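Bear in mind that the values in this text are calculations on the coordinates, not laboratory data. Just so we're clear, the structure is a prediction, and the values are computed from it rather than from any experiment. Note that each Cβ is placed from the backbone with ideal geometry, even for glycine, and that neighbours are counted across all protein chains shown.
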C-alpha cells in the first residue's frame, strides 16, 4: 500500500488515543454546560440560534480532531459560545431593541389561498418553493391553504383551510391580523 494512502487511513496510535480521551472528557462537559444553560441554548428559533448551534458543533469537532487545540481551550470556547447565547437570549427577552436586532418576524406567504408576492420577493422565496411546501402538508393544494408562514427560523408552517372552507385560525398560528 502506498505511504500516502496508509497515512490517510491511519496515522498513529497517539492520535487515536487523544481523540478518545478528549472526546470522553469534552462530551460530558458539553452536556453539563448545555444542561446548566437551559433549553433555549439549542433552540433554533431564529438565525442567531442556528449560528450558535452550528458553532458549538464546529468547536466540538475542532476540539476532537485538531491536535493544536487543547482540551481546556476547547472547553473554554464552548463555555464562551454558550454564555454569549445565554446573554443574548436574556437580553432579548428584557430589551426590545436587542430582540429586534437578533430576531426576525414571521412572514405570511399565503393568505386564504392567494400568494403574497410582495412578501415572497422580500423574503426571497419562489412560488415553486411555496407550492412544494403546501404539497408536502395536509393542505395539499393552494386552494386548500389558509396560510403559509415563513417562520423566524426559516421553516415553513402551513395552515390548511377548515373542512367547511372557512378561513383558518390565525390566532392559532400566532398571527392576530395577518398582513400580506
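Pairwise Cα distances in the range 3-101 exceed 19 Å for 50 percent of all pairs.
Residue 117 to residue 90: FRET efficiency via 1/(1 + (r/R0)^6), r the Cβ-Cβ distance, R0 30 Å, to the nearest 0.05? About 0.20, to the nearest 0.05.
Pop the C-beta distance of residue 71 and residue 51 into the FRET formula with R0 = 35 Å and round what comes out to the nearest 0.05. Numbers along the way, then the final one.
Details: r = 24 Å, r/R0 = 0.69.
In this case the efficiency is close to 0.90.
If R0 is 30 Å, the Cβ-Cβ spacing of residue 104 and residue 16 corresponds to a FRET efficiency of close to 0.10.
In the list (1) 15.6; (2) 22.7; (3) 12.3, the label attached to mean projected area of the Cα convex hull in nm² as derived from the coordinates here is (1).
The separation of the range 55-93 from the range 115-167, counted between C-alpha centres, amounts to 36 Å.
Ordering 80, 131 from the fewest to the most neighbouring beta carbons within 10 Å gives 80, 131. Computed from the Cα positions only, the extents of the range 107-160 along the three principal axes stand at 25, 21, 16 Å, in decreasing order.
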